[in-house]
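Here the structure comes first, spelled out in structure tokens, and everything after it is commentary.
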Amino acid sequence: MKIAPSILSADFGKLSDEVKAVSEAGADYIHCDIMDGHFVPNLTMGPMIIEAVKKATNVPLDIHFMVEDISFFIDMYKHLKPEFISFHIEEEKHINRVIQKIRNLGIRPSVVLNPATPVCLLDYIVADVDMVLLMSVNPGFGGQKFIPSVLDKIKELRELAQKKNPSLLIEVDGGVNDKNAPLLKEAGADILVAGSYVFKHPDYADAMKALRCE
Ligand code: DX5
Ligand code: ZN
């Protein structure tokens, strides 16, 4: 199980120290939540902040866009060469075109489903992406309560991936903690995003160890 701490719950007054701390504590990816105040009712970080994050770590970046105009945002962040760019399919008319745009930049494409968005919408996309991010809260804020129906979605997606893309990575984001991590692992998740659980924990390494269910 890989862990991607979400810096949304970090102390922004000392963001580079926080990024260094989770990197040294064993983070596999640094999850960056970019919100535009339109797709979700919140605003977070711009490209200058993510540049500072990138300077503070060698851990690959996992950028989760919660925005209306994904192409505009990809162009704004592409020079940062994240490992993954994840975008919500609820907002995009030309999903395949955006996947190709990300792939052509040498970045691994990933699509995101909100809690109410069904897995069947991925039938003709799943073979073209490296990862699917399943939201286990309604996007927009850290510290929300885990929505357990994501466990069935992980299983359903894993079955679809067996047929169409066996190397697909499944990432889960929202309300992840030490109680639901074993259930997420059993259901078939590969990467867990955790904001408040990691950053509110007194020891970041211990927090991530608990989430890995080792
Ligand atoms: C919510 C974000 C999450 C958030 C998770 O829209 O996508 O990445 O930071 O925070 P927790 O782990 O506190 O639910
Ligand atoms: Zn996120």
### Task
Go through ARG103, ARG158 and list them by solvent-accessible area, largest first, probe radius 1.4 Å.
ARG103, ARG158
### Query
Stretched out fully, how many nm does the piece from HIS38 to GLN144 gain, at 0.36 nm a residue minus the Cα gap?
36.2 nm
### Task
Would you mind classifying the range 2-211 by shape? Square roots of the alpha carbon gyration tensor eigenvalues, ordered a ≥ b ≥ c; an a/c under 1.5 is rounded, otherwise it is prolate if a/b is larger than b/c and oblate if not.
oblate
### Message
Need the full-extension length gain, MET1 to LYS163, defined as separation in residues times 0.36 nm minus the C-alpha distance. One decimal, nm.
### Response
56.1 nm
### Task
Work out the FRET efficiency for LYS209 and SER71 from their Cβ-Cβ distance, taking R0 = 45 Å, and round it to the nearest 0.05.
0.70
### Message
Under 5 Å between amide hydrogens, which residues at least 5 positions from HIS88 or on another chain qualify, with H placed 1.01 Å from N in the peptide plane?
### Response
VAL67, VAL112
### Query
What percent antiparallel are the DSSP beta bridges of the range 2-211, to the nearest 5?
5 percent
### Task
Enumerate the calculated ³J(HN,Hα) couplings along the range 121-138 in order (Karplus 6.51 cos²θ - 1.76 cosθ + 1.60, θ = phi - 60°), each rounded to whole Hz, writing x wherever the residue is Gly or Pro.
5, 8, 3, 10, 10, 4, 6, 9, 10, 8, 8, 10, 9, 9, 7, 10, 9, 6
### Query
Cβ under 12 Å from LEU169's Cβ, LEU169 left aside: what net charge do those residues give with Lys, Arg +1 and Asp, Glu -1?
-3
### Task
May I ask you to give the percent of accessible area on the range 2-211 that is carbon plus sulfur, with a probe radius of 1.4 Å?
52 percent
### Summary
Diffing the range 62-78: the Karplus 3J(HN,Hα) column from phi (6.51, -1.76, 1.60, θ = phi - 60°), in whole Hz with x for Gly and Pro, holds 10, 9, 10, 8, 10, 9, 7, 9, 4, 4, 4, 6, 4, 4, 6, 10, 4
### Task
Calculate the spin-label point distance for ARG97 paired with ALA116, positioning each point 7 Å from the Cα along the beta-carbon direction, and give it in nanometres.
2.7 nm
### Query
Among all the lysines, which ones have a C-alpha under 24 Å from LYS81's C-alpha, if same-chain residues fewer than 8 places away are not counted?
LYS2, LYS14, LYS20, LYS54, LYS55, LYS101
### Message
Just to be sure I understand: with springs between alpha-carbon atoms less than 10 Å apart, which residue in ILE49, ILE191, ILE63 has the highest mean-square fluctuation in the Gaussian network model of the chain?
### Response
ILE49
### Summary
Across GLU18, GLU186, GLU171, the residue with the highest GNM fluctuation in the chain (Cα network, 10 Å cutoff) is GLU186
### Message
Quick check for you: with a 1.4 Å probe and neighbouring chains kept, what is the accessible area per residue of the range 1-70, in Å²?
### Response
42 Å²
### Summary
Once phi for every residue in the range 44-54 is put through the Karplus expression 6.51 cos²θ - 1.76 cosθ + 1.60 (θ = phi - 60°), the whole-Hz ³J(HN,Hα) values, with Gly and Pro written as x, are 10, 10, x, x, 5, 5, 5, 4, 5, 5, 4
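The values are calculated or read from the model by the stated rules, or taken from the named source; none is laboratory data. What you see is a predicted model; the values in this text were computed from it and never measured. Every residue, glycine as well, gets a Cβ built from its backbone with ideal geometry; the counts of neighbours run over all protein chains shown. Note: accessible area is taken over every heavy atom of the protein model, side chains too, but ligands, DNA and RNA are not part of it. Shrake-Rupley method; radii C 1.70, N 1.55, O 1.52, S 1.80 Å.
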